[in-house]
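Accompanying notes for the structure given below.
The values are calculated or read from the model by the stated rules, or taken from the named source; none is laboratory data. Predicted model only: the values in this text are computed from it and were never measured. Neighbour counts run over all protein chains shown; Cβ positions are idealised from the backbone, glycine included. Each accessible area value is taken on the protein alone, full model and side chains, heavy atoms only, with ligands, DNA and RNA left out. Shrake-Rupley method; radii C 1.70, N 1.55, O 1.52, S 1.80 Å.
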Amino acid sequence: MQSICFYRECLSIVLIISAIKMSKFTANAIRLKNHNRLLVNNMHAEKKEITRINAKLNTAYQEINRNNIRLEREVIKRTEKIHQLSNLDPLTKLYNRNAFIQALRKLLVRSTVEELPLAVLFIDLDRFKQINDALGHKIGDKVLKIVTQRIYNLRSNGNVGRWGGDVFVLALPECNEQWAKTHALQLIESIASTIRIGALKLNVGASIGIAIFPTHSRKEMQLIQYADIAMYEQKKSSENLPRIFSNNLLLKLQRKERLQEGLREAVKNNSLSLMYQPIVNAAGKKITSCEALIRWTFDQEKIPPNVFIEIAEQSGL
């Protein structure tokens, strides 16, 4: 009996200890569960925050991308604008003088390497000044734009520029003298076609001078100058044909420049001479009056009046 009581006491103690352990386990389990729930809630909250922050970052990134794209487009536009201002004529959108020279220089390098000819055409409009003066700059600008389009359409694979005013330049690679003449005739015909602006019907012409690389020169500025000389000579002619540069034209121009400078010095130094040609009455064989004539000797050469008077008129002397 005593042993049974002892056994019961021991069992009770064991049960109590087990209950205490179980209650502690249960309490720990509940606490861990609550802790885990808190951690899960925190994790969900942090996940939501991360998602929110990522969304804001993504929005900000997209905005930055949009701004970058806008800035890039703005830079491209500004670059194009700078290019236009520095290289293109504002009215015709053709190469301006400097840009054409640079383009011609590149073409000459290629022509030199490939050993191919190149033609430079100097185009000066006829009767444009009268239209511009009579009808105003607005009509004049419209005429220039139409002529520009006609020249541009016939540029072939060449470069075309506005040299200034009503003067254009055209560089045609792989172009010999014969093809340059043919091309110039096409240009003259196209430019001469009637221009219609509203009710107006207008006509301009074109004088064209041509210089050939490497026949006349290998330098871009000389080619332009020689084509200009040929154009100037053509402008004095009544024939509506292009003029090819020649050394004779250059010698003629150099002589004219030399005579103009000599005439300027002659006027300044009072070294022109005055002669009198008597006018005789045929019936009475008497001198009735005299015609006063200017004579000029330059470098021991007697320069005819029809030569130096024309020079005097052109140079304002």
(message) Let me cross-check Glu174: its accessible surface, 1.4 Å probe, with only protein heavy atoms counted, in Å² to the nearest 10?
(response) 110 Å²
(message) Can you tell me the convex hull volume per residue for region 79-170, based on C-alpha atoms, in Å³ to the nearest whole number?
(response) 99 Å³
(request) Averaging over all projection directions, find the projected area of the Cα convex hull of region 186-317 and quote it in nm² with one decimal place. (result) 15.0 nm²
(request) Please go through region 265-301 and write out the trypsin sites (Lys or Arg not before Pro) that DSSP classes as loop and that have at most 15 other C-beta atoms within 10 Å. (result) Lys285
(request) Could I have the simple spin-label model distance between Lys145 and Arg8, label points 7 Å from Cα toward Cβ, reported in nm to one decimal? (result) 12.2 nm
(message) Going by Cα centres, region 20-43 and region 164-213 are how many Å apart?
(response) 97 Å
(request) May I ask you to give the percent of accessible area on the chain that is carbon plus sulfur, with a probe radius of 1.4 Å? (result) 56 percent
(request) Give the cross-link partners of Lys24 among the lysines, using a straight C-alpha distance below 24 Å as the criterion and excluding same-chain residues fewer than 8 apart. (result) Lys33
(request) First measure r as the distance between the Cβ atoms of Ser237 and Ile64, then evaluate 1/(1 + (r/R0)^6) with R0 = 51 Å and state the FRET efficiency to the nearest 0.05. (result) 0.15
(message) How large is the Rg to Rh ratio of region 135-204 when both quantities use alpha carbon positions and Rh follows Kirkwood?
(response) 1.01
(message) Once each part is reduced to its C-alpha centroid, what is the distance from region 252-307 to region 140-155 in angstrom?
(response) 46 Å
(request) Find the lysine pairs in region 199-317 meeting two conditions, Cα atoms under 18 Å apart and a separation of 8 or more places or different chains, and report how many there are. (result) 6
(request) Grab the Cα-Cα distance for Asn176 and Ala199, subtract it from 0.36 nm times how many residues apart they are, and report the gain in nm with one decimal. (result) 4.2 nm
(request) Write down, largest first, the equivalent ellipsoid semi-axes of region 5-152 in whole Å, where each equals the square root of 5 times an eigenvalue of the alpha-carbon gyration tensor. (result) 97, 21, 8
(request) Hydropathy first: keep DSSP H helices in the chain averaging at least 0.0 on Kyte-Doolittle, then drop any whose Cα extent along the axis falls short of 30 Å, and list what survives. (result) none
(request) Largest first and to the nearest Å, give the Cα extent of region 19-62 along each principal axis. (result) 62, 7, 5
(request) Could you calculate the contour length gain from Leu293 to Ser18, that is, 0.36 nm times the residue separation minus the distance between their Cα atoms, to one decimal place in nm? (result) 83.9 nm
(request) For region 235-294, evaluate the Debye formula with one uniform point scatterer on each Cα (no solvent term) and list log10 I(q)/I(0) at q = 0.22, 0.28 Å⁻¹, rounded to two decimals. (result) -0.92, -1.10
(request) Treat the chain as a sphere of radius equal to its Kirkwood radius over Cα pairs and apply Stokes-Einstein at 20 °C in a medium of 1.002 mPa s; give the translational diffusion coefficient in µm²/s, rounded to a whole number. (result) 76 µm²/s
(request) Starting from the Cα of Val113, step 7 Å along the direction of its Cβ; do the same at Ile279; then give the gap between the two resulting points in nm. (result) 7.2 nm
(request) Starting with the highest mean, order 161-173, 246-258 by the number of other Cβ atoms within 10 Å, averaged over the residues of each peptide. (result) 161-173, 246-258
